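The values are calculated or read from the model by the stated rules, or taken from the named source; none is laboratory data. It should be emphasised that the depicted structure is a prediction, and the values quoted were computed from it without experimental measurement. Neighbour counts run over all protein chains shown; Cβ positions are idealised from the backbone, glycine included. The protein model used for the area step is the full one, side chains on, heavy atoms only, and it has no ligands, DNA or RNA in it. Shrake-Rupley method; radii C 1.70, N 1.55, O 1.52, S 1.80 Å.
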Amino acid sequence: MTVTADDIAELVQKQFDALPAKRKPVVRANGLREWVPLAGIVAQGRDGKLQCLALATGMKCLPASKLPKAQGNVLHDWHAEVLAIRAFNRFVLDECDAMVKRRSSEFLRWRTPGEIAAHTSSSAQRKGEKEKGEEGEEKTWHGQPFTWREDILLHMYCSEAPCGDASMELIMAAQEDATPWDMPPISASVIPAPSSSSNTGIADSLPTLPGRAYFSHLGLIRRKPSRPDAPPTLSKSCSDKLALRQCVSLLNSPAAMLIDPSHVYLRTLVLPASRYSEVACRRAFSADRDGEGRMAGVTALMDREGKGKGGYAFHPFTVQTTTSEFAFSQRSVSLPLPPSSYPDSSPSTPTACPSYSHATYQQHPNPPSKSLAPSNVTTLWTLTGRQETTLGGTLQGRKQFDVRGGSCASRRELWRLAARVADLLPVEDTAGRNVEDGDGDGVEGRASGVGDVRVGAREEHQGESEAGRQEEEQGEGDTASKEQIQTALHAPTYGMMKDSVLLGPRRRIKEQARAEALRGWVRNLGDEDFGL
């Protein structure tokens, strides 16, 4: 079955349409119509069946000056693309949580002791791998108990071009005066560093990275927000973060200790045809040397040093376009409202914005843009039943730094869930053969309350028989791996957890990508000192 970009986009849009009105933009009492970007992660089974796993809306981020107050409870970046990936991480950790409680997953499976041993030993034998302490390198660890199913592909839909390098041509085209700006002197381009002990050794001021400014300078790392009058941050643009995800996978640090990253890479990025620049996307995401793709340095490095260490490698996604327009995109919301949709002149409860089809949008190629406002609220949804609205990076209705206001996709909550899963890992056999169905692949009801999910029959993993033969000799290694994971995930602080030797391969490929392709990347430090 052929899957198209329209299929992927329409599935995410349909899932968003099914959410209650309180999760969506509104027409305000003063007539302003809200718009918001949407992003979602979609799984494609080998039969072509598509399922939306996670989605999010949003377009703002936390100022650098507030990072030390976040304490893992406040989201740093709630642009739709970034939050959708965080929601996906919540989804996969919920799936792991179900599996350690003897339920099944359509998307994950237990790794066998044999394949864990094979991957770990093959990684360790590669040229240049040494025990920690020998020439400053770390031994490659690849002992995650779970893996994404090899026959399930991952796609991402975004209703807008990712901010940053992939949208610079669009920014230039929208300028009344597209004359290139002169770059400012370095001394005039600094912001204060956050006050936090985790920033020890960092300069008192950090170089700022241009948002939309200096749009004629291409291929650069850019920061959020794009507006020059907004408080400065060190959150990198969505273009930069998606480019890096081609190297580090979709998994964040806590999930990467539990799930083998080898198969958790995007296959396709779907963008609206109206917001797509082929030149910009090729430059921002590809390793095409002829097309000046900025990721070319990563492939050159891996050609020299080898691929797949710890399950990480460069997996470029393809960019495809859709003609399906999101009902709450800035373009759709700009279309003239039907008279019945306008709120009364008297104060009233905001009403939901009307929906527009792509056909309607085509009839108005240059719609009016007056009376529009970006939505302040952010929505998150996952297939495992998570659904929430946040404001300012905190659950709506809570004060911003209230410990009770943490999103289910916040740093603290993702870390807490990963640690809980680690505590429940079976001691006898991390391949999961002590679960009720024998190999962890059986079909059982989901505990999420999401409704029926049809699971097709699957072939047993080829490594099962080999794992049975090696069970005795690998049993002790499985227990050791469990203890390593538990120790790492119960580190005193979030920063120490991220510094674990288990995440050495992830750190290494991030450093390589930043050095070879994403030069100028400044870490967004200031929220690493909290504990569980």
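Annotations for the structure displayed:
- Region 1-99: trypsin sites (Lys or Arg not before Pro) falling in loop per DSSP and having at most 14 other Cβ within 10 Å: Arg46, Lys49
- Filtered trypsin sites (Lys or Arg not before Pro), region 398-428: DSSP coil and at most 13 other beta carbons within 10 Å: Lys399
- Sorted largest first, extent of region 8-73 alpha carbons per principal axis (Å): 48, 36, 16
- To put it simply, the accessible area of region 1-116 at a 1.4 Å probe is 48 percent carbon and sulfur.
- Using Cβ point charges alone (K and R +1, D and E -1), the dipole size of region 36-99 about the Cα centre works out to roughly 240 debye.
- Positive contributions from Lys and Arg (+1) and negative ones from Asp and Glu (-1), summed over other residues with Cβ under 12 Å from the Cβ of Asp527, come out at +3.
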